[in-house]
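The values are calculated or read from the model by the stated rules, or taken from the named source; none is laboratory data. These numbers come from a predicted model, not from an experiment. Here the Cβ positions follow ideal geometry from the backbone for every residue, glycine too, while neighbour counts run over all protein chains shown. For the accessible areas, the whole protein counts, side chains as well, though only heavy atoms, and no ligand, DNA or RNA atoms are used. Shrake-Rupley method; radii C 1.70, N 1.55, O 1.52, S 1.80 Å.
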Amino acid sequence: MLGVLLWWSLNQTHHVWLRYLLPVLAVAFAVWCAGAAADAMHHPDPPSVVIDEIVAMPLVMIGLGARWWHVVVAFGLFRLFDIWKPSPIRETQNLSGGIGIVLDDLLAAAYACGGTHLVVWLLSLTRR
C-alpha cells in the first residue's frame, strides 16, 4: 500500500519531469538497498525487504487514471503477478543481489499495468 501512496504523491506534482525522474531514482535506490539488505541478512531475497514492491507500484499505474477502481484492479493484479511469478518473472529471481530482488517486481508491475489497461479498455466497451 505504500507504493500506492508513492504513486499518489508523484501524481500531485505539477512538474511532469519529476513524475519520471523520481521513480527511476527510487528504483536505483531500491536495487542498492535490497542488495545491501540481502548481504547483511545472508539471504538472497529477504521477506522483510519490501522496498522493491513500493517502488514498483507507481509503474503499474502508468497511463491510468486516478479512479478508485483503477487503483484496486492495479494493486490486485500486481500482487497476483508478484506472488504467481509467471515466466519470465520467475527466472529473474536467479539474478543475484539487488537487481534480482527488484527486477521481478518491475516485471510483475509491467504485467499488472498491461492487465489493468486491458480491464479498463474492456469495461469501456461495455459503456458504449
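Filter region 8-56 down to residues that are open to solvent by 30 Å² or more (accessible area, probe 1.4 Å) and acidic (Asp, Glu) and give me whichever is nearest to Val71 (Cα to Cα).
Across region 8-56, the extreme among qualifying residues is Glu53.
Residue check: is Val72 within 22 Å of Leu5 (Cβ to Cβ), of a type outside the set (Ser, Thr, Tyr) and surrounded by 16 or more Cβ atoms within 10 Å (Cβ to Cβ)?
Working: within 22 Å of Leu5 (Cβ to Cβ): yes; of a type outside the set (Ser, Thr, Tyr): yes; surrounded by 16 or more Cβ atoms within 10 Å (Cβ to Cβ): no.
The answer is no for Val72.
Among the numbered criteria (1) over 26 Å from Ala34 (Cα atoms); (2) part of a helix (DSSP H, G or I); (3) open to solvent by 40 Å² or more (accessible area, probe 1.4 Å), which single criterion is violated by Gly63?
(2)
Taking the condition of being under 14 Å from the mean Cα position of the chain (by Cα) and not in a helix (DSSP H, G or I), how many residues in region 1-48 meet it?
Count: 1.
Restricting to region 76-86, name every residue that is surrounded by 16 or more Cβ atoms within 10 Å (Cβ to Cβ) and under 25 Å from Gly35 (Cα atoms).
To start, the set of residues in region 76-86 that are surrounded by 16 or more Cβ atoms within 10 Å (Cβ to Cβ) comprises 77-78, 81-82, 85.
Listed by number, the residues that qualify are Phe78, Phe81, Asp82, Lys85.
Condition check ((1) of a type outside the set (Asp, Glu); (2) without any contact (Cβ under 8 Å) to a residue 40 or more places away in the chain; (3) closer than 21 Å to Trp7 by Cβ) across all residues:
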position: Gly35; (1), (2), (3): yes, no, no
position: Ala40; (1), (2), (3): yes, yes, no
position: Asp82; (1), (2), (3): no, yes, yes
position: Arg90; (1), (2), (3): yes, yes, no
position: Ile99; (1), (2), (3): yes, no, no
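Do you know which residues across region 76-96 are part of a helix (DSSP H, G or I) and out of contact with any helix residue (DSSP H, G or I) (no Cβ under 6 Å at 6 or more places or on another chain)?
Within region 76-96, the subset part of a helix (DSSP H, G or I) is 76-84, 89-92.
Gly76, Arg79, Leu80, Ile83, Trp84, Arg90, Glu91, listed by residue number.
Of all residues being hydroxyl-bearing (Ser, Thr, Tyr) and over 19 Å from Ala66 (Cβ atoms) in region 87-128, which is surrounded by the fewest Cβ atoms within 10 Å (Cβ to Cβ)? Just the residue, please. Give the derivation first.
First, the residues of region 87-128 that are hydroxyl-bearing (Ser, Thr, Tyr): 87, 92, 96, 111, 116, 124, 126.
Checking which are over 19 Å from Ala66 (Cβ atoms) leaves us with 87, 92, 96, 111, 126.
Values: Ser87: 8, Thr92: 19, Ser96: 11, Tyr111: 19, Thr126: 6.
This residue is Thr126.
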